[in-house]
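Let me begin by presenting the structure, written as structure tokens, before commenting on it.
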Amino acid sequence: ASRVAAEKASPSVQSAFSTMRWIVTIGWAIYPIGYFMGYLNGAVSDEALNVIYNIADVWNKIAFGVIIWNVAVTESESSK
């Protein structure tokens with residue numbers, strides 16, 4: 001069902017979905033990698049880990065929101 005819905009979506013929605021999928025896949029992989037490198041392995045200092053997590057938070061939350069906003073604006077303009 002989801003594949004059929006995705007194929008019927010407009011190109012801008014399909015592109016946004018693909019981009020958000022990559023953000024989730026790569027962006028959220030930062031957290032377990034950081035946990036391993038910082039807490040389990042000890043290879044990264046706490047300060048560096050905090051910086052990495054803050055950058056990941058900005059990327060994962062703000063980029064995700066900007067993509068949703070952009071596709072919403074694009075879709076509303078194309079439906080006029």
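Answer yes or no: is there a residue in region 58-74 that is assigned to a helix (DSSP H, G or I), of a type in the set (Ser, Thr, Tyr) and free of Cβ contacts under 8 Å to residues at least 40 places away in the same chain.
Just the residues of region 58-74 that are assigned to a helix (DSSP H, G or I), to begin with: 58-74.
Going one step further and asking which of them are of a type in the set (Ser, Thr, Tyr), we end up with 74.
Pick out the ones that are also free of Cβ contacts under 8 Å to residues at least 40 places away in the same chain and you get none.
No, there is no match, as no residue in region 58-74 is assigned to a helix (DSSP H, G or I), of a type in the set (Ser, Thr, Tyr) and free of Cβ contacts under 8 Å to residues at least 40 places away in the same chain.
Can you name every one of the helices (runs of 4 or more DSSP H) wholly within region 1-55 that holds 3 or more residues which are in contact (Cβ under 8 Å) with a residue 12 or more places away in the chain and not charged (D, E, K, R)?
Numbers: elements: 2-8, 11-22, 30-35.
Output list reads 11-22, 30-35.
Can you find, within region 10-33, the residue that is farthest from Asp57 (Cα to Cα) among those that are among the aliphatic types (A, V, I, L, M) and surrounded by 15 or more Cβ atoms within 10 Å (Cβ to Cβ)? So that I can check it myself, show each step before the final result.
Pass one, region 10-33, residues among the aliphatic types (A, V, I, L, M): 13, 16, 20, 23-24, 26, 29-30, 33.
If we keep only those that are surrounded by 15 or more Cβ atoms within 10 Å (Cβ to Cβ) too, we end up with 13, 16, 20, 23, 30.
Numbers: Val13: 24, Ala16: 19, Met20: 14, Ile23: 11, Ile30: 10 Å.
Checked region 10-33; the qualifying residue farthest from Asp57 (Cα to Cα) is Val13.
For region 34-52: of the residues being surrounded by 15 or more Cβ atoms within 10 Å (Cβ to Cβ) and at pLDDT 85 or above, which is nearest to Met20 (Cα to Cα)?
Per the stated criteria, the residue is Ile52.
Among residues belonging to region 1-33 that are under 30 Å from Ser79 (Cα atoms) and polar (S, T, N, Q), point out the one that is modelled with the lowest pLDDT. Working first, answer last.
Going residue by residue through region 1-33, those that are under 30 Å from Ser79 (Cα atoms) are 1-24.
Still in the list and also polar (S, T, N, Q): 2, 10, 12, 14-15, 18-19.
Numbers: Ser2: 62, Ser10: 88, Ser12: 88, Gln14: 88, Ser15: 89, Ser18: 88, Thr19: 90.
So, considering only residues that are under 30 Å from Ser79 (Cα atoms) and polar (S, T, N, Q), the one modelled with the lowest pLDDT is Ser2.
The values are calculated or read from the model by the stated rules, or taken from the named source; none is laboratory data. Everything numeric here is computed off the predicted structure, so don't read it as measured data. Virtual Cβ from ideal backbone geometry, glycine too; neighbours counted across all protein chains shown.
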